[in-house]
Amino acid sequence: MFLSVEGLDGAGKSTHVEFIRDYLQSHGIEVVITREPGGTVIGEKIRELLLNSEHMHHNTELLLYFASRQEIIRQVIVPNLDAGRWVLADRFVDASIAYQGGGRQLGIAKVKQIYTMLEPMLITDMTFLFDAPLELAMERLNRGEKDRIEQEGLEFFARVQNTYYQLEHEQPQRIKRIITNQAMSITRETLQFYLDQLLAKYQARVASD
């Protein structure tokens with residue numbers, strides 16, 4: 001199974017990545033976590049450029065994200081899936097659609113066109129969209145040191161959030177929104193519900209093979 005976690009910076013997704021991994025491992029699943037941008041030698045160099053460079057054209061930003069993504073697909077994601085492991089990606093293509101397509105206003109169609117160039121063009125089995133009110137996410141984001149993209153303003157992040165909502169509306173079977181401004185126990189129960197669905201689907205697949 002190929003899973004991803006998405007959401008605004010400050011929405012709380014990073015808090016739950018280890019929980020997802022640990023829950024799956026407790027059910028006998030071997031899990032590999034990836035992050036974007038990064039995760040390979042080339043990807044980490046691209047990450048440094050993306051998060052710290054100044055005066056980068058929006059098209060350059062978009063293409064660099066996909067360059068990093070192509071490397072991690074071929075070097076990490078596909079080999080681990082082929083080996084029978086589950087892969088949990090800390091951001092994948094949905095992030096580019098939301099941040100560059102929506103936030104940068106490059107357009108969803110442009111991002112999806114570049115998506116078709118990936119080899120192979122993977123689609124997640126399930127994506128967890130971690131969501132919190134925009135004001136709360138911005139408050140959390142302001143507590144620490146910000147990278148180049150995190151320094152964007154409220155209107156940018158509003159566009160990102162709305163694009164994520166659009167993706168969730170279009171693909172409800174794949175994208176599951178997880179509310180994070182509630183008791184941690186409730187958020188975790190929701191995650192467990194969806195993870196149990198995936199485990200049942202996986203076990204059925206294994207049994208049929």
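The values are calculated or read from the model by the stated rules, or taken from the named source; none is laboratory data. Owing to the predicted nature of the structure, the values given are computational and were not obtained by experimental measurement. Because the Cβ atoms are built from the backbone with ideal geometry, glycine has one as well, and the counts that use them run over all protein chains shown. Quick note on the areas: whole protein, heavy atoms, side chains included, nothing else; ligands and nucleic acids left out. Shrake-Rupley method; radii C 1.70, N 1.55, O 1.52, S 1.80 Å.
For the reader, a short list of remarks on this structure follows.
- Neighbours of residue 39, meaning other residues whose beta-carbon lies under 14 angstrom from its beta-carbon, give a summed charge of +1 when Lys and Arg score +1 and Asp and Glu score -1.
- In a DSSP loop and with at most 13 other Cβ atoms within 10 Å, the GluC sites (Glu not before Pro) in region 1-56 are 30, 54.
- Point-charge dipole on Cβ atoms (K/R +1, D/E -1) for region 1-85, about Cα centre, debye to 20: 160
- Kirkwood analysis of region 113-192, using all unique Cα-Cα pairs, places the hydrodynamic radius at 14.8 Å.
- Ranked by solvent-accessible area (1.4 Å probe, protein heavy atoms only, all chains present), the residues 16, 55 order from largest to smallest as 55, 16.
- For the chain, with all protein chains in place and a probe radius of 1.4 Å, 50% of the accessible heavy-atom surface sits on carbon or sulfur.
- Derived value for region 60-99: Kirkwood hydrodynamic radius 10.9 Å. Basis is the mean of 1/r over every pair of different alpha-carbon atoms.
- Of the residues 40, 89, 204, the one whose Cα sits farthest towards the positive end of the charge dipole of the chain is 204 (charges of +1 on Lys and Arg Cβ, -1 on Asp and Glu Cβ, taken about the Cα centre).
- Between residue 44 and residue 105, the FRET efficiency from the beta-carbon distance, with R0 = 25 Å, is close to 0.35.
- Eigenvalues of the alpha-carbon gyration tensor of region 1-113, scaled by 5 and square-rooted, set the equivalent ellipsoid semi-axes at 26, 15, 13 angstrom, largest first.
- For the chain, the dipole from Cβ point charges (+1 on Lys and Arg, -1 on Asp and Glu) about the Cα centre works out to 280 debye, to the nearest 20.
- Annotation for region 1-80 versus region 123-182: alpha-carbon center distance of 15 Å.
- Stretching the chain fully between residue 173 and residue 117 yields a gain of 17.7 nm (0.36 nm per residue, less the alpha carbon separation).
- Positive-end extreme of charge dipole, region 60-209 - chosen from 179, 138, 163 (charges on Cβ): 163
- Helical mean residue ellipticity (222 nm; -39500 (n - 2.57) per DSSP H run of 4+; nearest 500) of the chain: -16000 deg cm²/dmol
- Among residues other than residue 73 with Cβ under 11 Å from its Cβ, the summed charge is -1 (Lys and Arg +1, Asp and Glu -1).
- Length-normalised contact order for region 25-172 - Cα pairs under 8 Å, 6+ apart - percent: 26
- When you restrict to C-alpha pairs under 8 Å that are six or more residues apart and normalise by the size of region 51-114, the relative contact order lands at 32 percent.
- Cα gyration tensor category, rounded, prolate or oblate, for region 158-209 with a/c compared to 1.5: oblate
- Heavy atoms of residue 201 accessible to a 1.4 Å probe, total area in Å² rounded to 10: 110
- Nearest-20 debye value, region 120-170 charge dipole, Cβ charges on Lys, Arg, Asp, Glu: 140
- For the chain, the alpha carbon convex hull comes to 121 Å³ per residue, rounded to a whole number.
- Inter-label distance for residue 22 and residue 75, nm, one decimal - labels placed 7 Å from Cα along Cα-to-Cβ: 3.0
- Relative contact order (%) - region 22-75, alpha-carbon pairs under 8 angstrom, separation at least six: 38
- Pair residue 142, residue 188: separation of 7 Å Cα→Cβ label points (nm): 3.0
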